[in-house]
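Note sheet for the following structure.
The values are calculated or read from the model by the stated rules, or taken from the named source; none is laboratory data. Because the structure is predicted, anything quoted here is derived from the model rather than measured. Using ideal geometry, Cβ is built from the backbone for each residue, glycine included, and neighbour counts are taken over all protein chains shown. These area figures cover heavy atoms from the full protein model, side chains too; ligands, DNA and RNA do not enter into them. Shrake-Rupley method; radii C 1.70, N 1.55, O 1.52, S 1.80 Å.
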Amino acid sequence: MYEQKTKETDQSVIEFIEQVESPKKRADAYRLLDLFRDTTGYEAKMWGPSIIGFGKYHYLYASGHEGDAPLVGFSPRKAKISLYFATGDPDREDLLQHFGKHTTGKACVYINKLEDVDEAILQQLIIQSVRFLQELYPEQQ
């Protein structure tokens, strides 16, 4: 049976951020912590060893695979900062066109530093992602 790798933990978010080597990336992580918390209304929780997540939803795929995941989150990784948003959200691309300097993966948006992007668009991305997942998984309310 499949065991989910990235689970919510009791690890301290502040202790994790304090371990970020780059002072600039650490400062960006604290700003992101405030932005995500204030925008979502959820307290930050660690997911696995390196993802700071906000809110939670339970997913169930047609394949039978299921698990829990944060609604949104971020990780101040060594190379880039990873921003985690909902996959499959058709409105995300429109917002990303105005976001600033970034690259994308399936679920992640990668930035070098917070000053490269528009914080107002970031807040819209957070709100849109939470809304999209809450509509897709309404039993989480």
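A few points about this structure:
- The accessible surface of the chain, taken with every protein chain in place and a 1.4 Å probe, is 50 percent carbon and sulfur.
- The chain: C-alpha pair distances exceeding 27 Å, %: 17
- When shorter helices are ignored and each DSSP H run of at least 4 residues is given -39500 (n - 2.57), the per-residue value for the chain at 222 nm works out to -10500 deg cm²/dmol.
- Between Arg77 and Leu136, the C-beta separation translates, for a Förster distance of 35 Å, into a calculated FRET efficiency of about 0.85.
- Across all Cα pairs in segment 82-131, the calculated P(r) in 10 Å bins from zero up to the longest distance comes to 27, 65, 8 percent per bin.
- Å² per residue, accessible surface of segment 98-141 at 1.4 Å: 57
- Convex hull volume of the Cα atoms of segment 1-77, normalised per residue: 92 Å³.
- In this structure, the pairs whose alpha-carbon distance is over 19 Å, taken from Lys80/Lys106; Lys7/Lys78; Lys25/Lys101, are Lys7/Lys78.
- Only the Cβ atoms of Lys and Arg (+1) and of Asp and Glu (-1) were treated as charged; on that basis the dipole of the chain about its Cα centre amounts to roughly 500 debye.
- In this simple spin-label approximation, Ser63 and Ile127 carry label points 7 Å from Cα along the Cα→Cβ vector, and these lie 3.4 nm apart.
- Only protein heavy atoms count here; on that basis, with a 1.4 Å probe, Val109 has an accessible area of about 0 Å².
- Cα gyration tensor shape for segment 62-103, rounded if a/c is under 1.5, else prolate or oblate: oblate
- Under the shape rule built on the C-alpha gyration tensor, where the axes satisfy a ≥ b ≥ c, segment 32-81 is oblate, since a/c reaches at least 1.5 while a/b does not exceed b/c.
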